[in-house]
Amino acid sequence: MRQKATKPFQFKEFTVVQQQSAMKVNTDSILLGSWADVSEANYVLDIGTGTGLLALMVAQRNTQAIIDAIDIDLPAVEEATLNFSNSKFSDRLNCFHQPLQSFATNSEKKYDLVITNPPYFEEGLVSPDTQRGNARHTNSLSFLDLIQGATQFLNTDGKLAMVIPIEARERIISIAQKHSLHLNRELQVQPTPTKPFNRSFLQFSFKKSDVTFQKLSIYNTNSSYSECFKTYTKLFYLNI
């Protein structure tokens, strides 16, 4: 069964309609779009765009960036295209209904930034809803395919930014190293100061450097947003 229709999510500079995409607006993507280094990214590829949220965030933060977004799910592509056309960044946003594997075969473009909140559940039952299963599980895009595709699309100074469960961190870093990608930045995230860290935000490039490392709690113990979280996301949330 499909998820019930969800109300549009209003950000400071754009609105995200999210009725058709399997993956709705979520904290992982909002934090990734706020944290990723987009400063010198003239050409950006958003893999598994869903509603188009990450592409819209990059377009807001970098007024020069031209963003290509791809997704395997046609309803998601239709919805992202709608969200792009309704935004003031529409002339810099393009959406394609293609899996990464075929996009990599048919395109020779190079990008300054590849950004993705990829499918990452590798174990357990896959959702009986094929649309949601593809969005959440690596049955449609393995970590290896993701890294190989990103490596092909990145220019020599390009960056790959992604969010994954923290338990997959070592595996992703190992795969990246085998494809000449080096970890440059990392943000480990926990829901509150009393809960375990459960997400790792990683940024890779072909250049070796010291790793800039940071930890963040989304909420304080009183359930208010932490100051660090607010600092990252204040450009987007209406009430921050």
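The values are calculated or read from the model by the stated rules, or taken from the named source; none is laboratory data. All of these numbers come straight from a predicted model, not from anything done at the bench. Here the Cβ is made from the backbone with ideal geometry for all residues, glycine too, and neighbour counts use every protein chain on show.
Restricting the search to segment 1-18, which residues are of a type outside the set (Ser, Thr, Tyr), at pLDDT below 95 and surrounded by 15 or more Cβ atoms within 10 Å (Cβ to Cβ)?
Residue satisfying the conditions is GLN3 alone.
What do you reckon, is ASN184 assigned to a strand (DSSP E or B), within 27 Å of GLU108 (Cβ to Cβ) and in contact with a Lys or Arg (Cβ under 6 Å, 6 or more places away or on another chain)?
No.
When you go through SER200, SER174 one by one, which is the residue that is among the hydroxyl-bearing types (Ser, Thr, Tyr), at pLDDT 95 or above and assigned to a strand (DSSP E or B)?
Checking each option against the conditions leaves just SER200.
Being modelled with pLDDT of 95 or more, over 17 Å from the mean Cα position of the chain (by Cα) and among the hydroxyl-bearing types (Ser, Thr, Tyr) narrows it down to one of THR194, THR233, so name that one.
THR194
With respect to LYS12, is the statement that it is over 13 Å from ILE115 (Cα atoms), free of Cβ contacts under 8 Å to residues at least 12 places away in the same chain and in a loop (DSSP other than H, G, I, E, B) true?
no
Are any residues in segment 211-225 surrounded by fewer than 17 Cβ atoms within 10 Å (Cβ to Cβ) and either assigned to a loop (DSSP other than H, G, I, E, B) or touching a helix residue (DSSP H, G or I) at 6+ places or on another chain (Cβ under 6 Å) (or both), and if so, which ones?
The answer is VAL211, ASN220, THR221, ASN222, SER223, SER224.
Any chance segment 21-29 includes a residue that's charged (D, E, K, R), under 14 Å from the mean Cα position of the chain (by Cα), surrounded by 24 or more Cβ atoms within 10 Å (Cβ to Cβ) and closer than 27 Å to GLN188 by Cβ?
No; the residues of segment 21-29 include none that is charged (D, E, K, R), under 14 Å from the mean Cα position of the chain (by Cα), surrounded by 24 or more Cβ atoms within 10 Å (Cβ to Cβ) and closer than 27 Å to GLN188 by Cβ.
Taking PHE229 and the conditions (1) in a loop (DSSP other than H, G, I, E, B); (2) touching a Ser or Thr at 6+ places or on another chain (Cβ under 9 Å), which numbered condition does it fall short on, given that it satisfies the others?
Failing condition for PHE229: (1).
So which strands (runs of 3 or more DSSP E) are wholly in segment 32-124 and hold at least 2 residues that are of a type outside the set (D, E, K, R), more than 12 Å from the chain's Cα centre (by Cα) and within 17 Å of VAL16 (Cα to Cα)?
Hits in segment 32-124: 93-97.
Of all residues in segment 28-44, which are closer than 22 Å to PRO165 by Cα and small (Gly, Ala, Ser)?
The answer is SER29, GLY33, SER34, ALA36.
Run ILE175 past the list (1) in contact (Cβ under 8 Å) with a residue 60 or more places away in the chain; (2) in contact with a helix residue (DSSP H, G or I) (Cβ under 7 Å, 6 or more places away or on another chain) and report the number of the one that doesn't hold.
(1)
Touching a residue at least 60 places away in the same chain (Cβ under 8 Å), more than 21 Å from VAL114 (Cβ to Cβ) and out of contact with any His (no Cβ under 6 Å at 6 or more places or on another chain): which single residue out of PHE201, PHE229, PHE153 fits that description?
Step by step, each of PHE201, PHE229, PHE153 is checked, and only PHE229 is touching a residue at least 60 places away in the same chain (Cβ under 8 Å), more than 21 Å from VAL114 (Cβ to Cβ) and out of contact with any His (no Cβ under 6 Å at 6 or more places or on another chain).
So LYS208 passes all but one of these: (1) outside any loop (DSSP other than H, G, I, E, B); (2) farther than 23 Å from GLY52 by Cα. Which condition number does it fail?
(1)
If a residue has to be surrounded by fewer than 22 Cβ atoms within 10 Å (Cβ to Cβ) and within 16 Å of LEU202 (Cβ to Cβ) to count, how many in segment 32-50 make the cut?
So the answer is 3.
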